[in-house]
Structures are given as C-alpha cells and as structure tokens.
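Every read-out reported here was derived from the displayed coordinates using simple, explicitly stated rules and does not represent laboratory data. What you see is a predicted model, and the numbers here were worked out from it, not measured in a lab. Ideal geometry is used to build each Cβ from the backbone, glycine not excepted, and the neighbour counts take in all protein chains shown.
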C-alpha cells in the first residue's frame, strides 16, 4: 500500500469515527462521510463496498487487537481464567474504539465477532474441536456469558467484583477443576 492510499484510508477512518461517535451506523451516508474525509465517492468505493463494509473492517481490526492480548488461544480450554483475564485486558485497552464501533445496533456484534475469531483460531489449531458440540457450546457459553455478565453488572457492582465473580464461574471450566473422567472430556 503506497503512502497516498494509507493517507486516504486514514482520512476515511478518522471521518467515519468522528461521525460514528455521534450517529448510529444506519444514519451515516456515504455523501456525509466523503465530505468529512474530503474525498470523492469514487475514491470511497475504491476502498469499501459501502458504509457497512467500512464498519466491519474497523470492527475486525479492533477484535483482532483485543485477541492479541490472549497469549495462547488454547487457554480457552486449558486455562479459561487466564484467557478471560487477557481478553478483558484487551477489551479495556480498546474500550474507546469498542464504544464507538459497537454502539447502538452494533452492540451484539462484539461478542459474536469475538466468538467467531476465537473459534477460527482454535479450530485451525485443533481441527478435531470444530464438530465437537461440547467444545463449541463451552466456548460460546464462556464468551457470551462473561460478556453479558460484565455488560449487565459492571456499573452496579464495579469491575473488580464482577471480574471476581466471572473468574470464579469460569474456573469451573478449568481442566484442573474438572471432576469428570477423562473419557468424558471430548476436548482432550
């Protein structure tokens, strides 16, 4: 990517974030974005199909940055407390962007996109888990449950209390605390 293209993309991104921080995604027009970015519509369409493509691209960038905080995705299975803490650290490191890109109608896309990306990483590394119902349900349950618990209770009880509670519940998934017999562990 040459310098001019980088500047154009940065201009589009900055204009989008400025508008998106004040408006729902559905209300942003290409015309408004192009005026703010000081580009033509043709230039915009060289880079993105539509406003949703731009939003998806930026959302995915944030999700990948959140997941870069997770040192080993296998910890979702082997050490869920550690991976949950790392993911929460990633979330808080990106909270400003998350608040802009996943506000309003986009709110529920955050846990769905995180789940999708985590499963892609895990299933590439452990292909046998892809069709394993226990592994799929467990990952979804851990991610969605933690996400909604934080969302629902953080303002009422505070980060530390909610994190402690989520951590205690997540510890129930830890292999070391799993009292089931080895033959009942489909993820081994």
Relative contact order of the chain, defined on C-alpha pairs under 8 angstrom at six or more residues apart (%)
20 percent
On full extension of the chain, what length is gained from residue 40 through residue 61, given 0.36 nm per residue of separation minus the C-alpha to C-alpha distance?
5.1 nm
Obtain the nm distance between the two label points defined at residue 53 and residue 93 by a simple spin-label model: each point lies 7 Å from its Cα along the Cα-to-C-beta direction.
3.0 nm
Per 0.36 nm of contour for each residue apart, how much would the distance between residue 117 and residue 9 grow if the chain were fully extended, relative to their Cα-Cα spacing?
36.5 nm
Can you pull the semi-axes for the chain, root of five times each eigenvalue of the Cα gyration tensor, sorted largest first, whole Å?
37, 19, 13
Each label point is 7 Å from the Cα along the Cα-to-Cβ direction; what then is the distance between the points at residue 74 and residue 156, in nm?
3.9 nm
Could you work out how far the C-alpha centroid of segment 84-101 sits from that of segment 139-164, in angstrom?
13 Å
Segment 3-48 - Kirkwood radius from inverse mean 1/r over Cα pairs (Å):
10.5 Å
Go ahead and run the numbers for FRET between residue 130 and residue 168, Cβ-Cβ distance against an R0 of 35 Å, rounding to 0.05.
0.75
When the helix-only estimate is applied to the chain (DSSP H runs of n ≥ 4, each -39,500 (n - 2.57), divided by the residue count), what is the mean residue ellipticity at 222 nm, nearest 500 deg cm²/dmol?
-22000 deg cm²/dmol
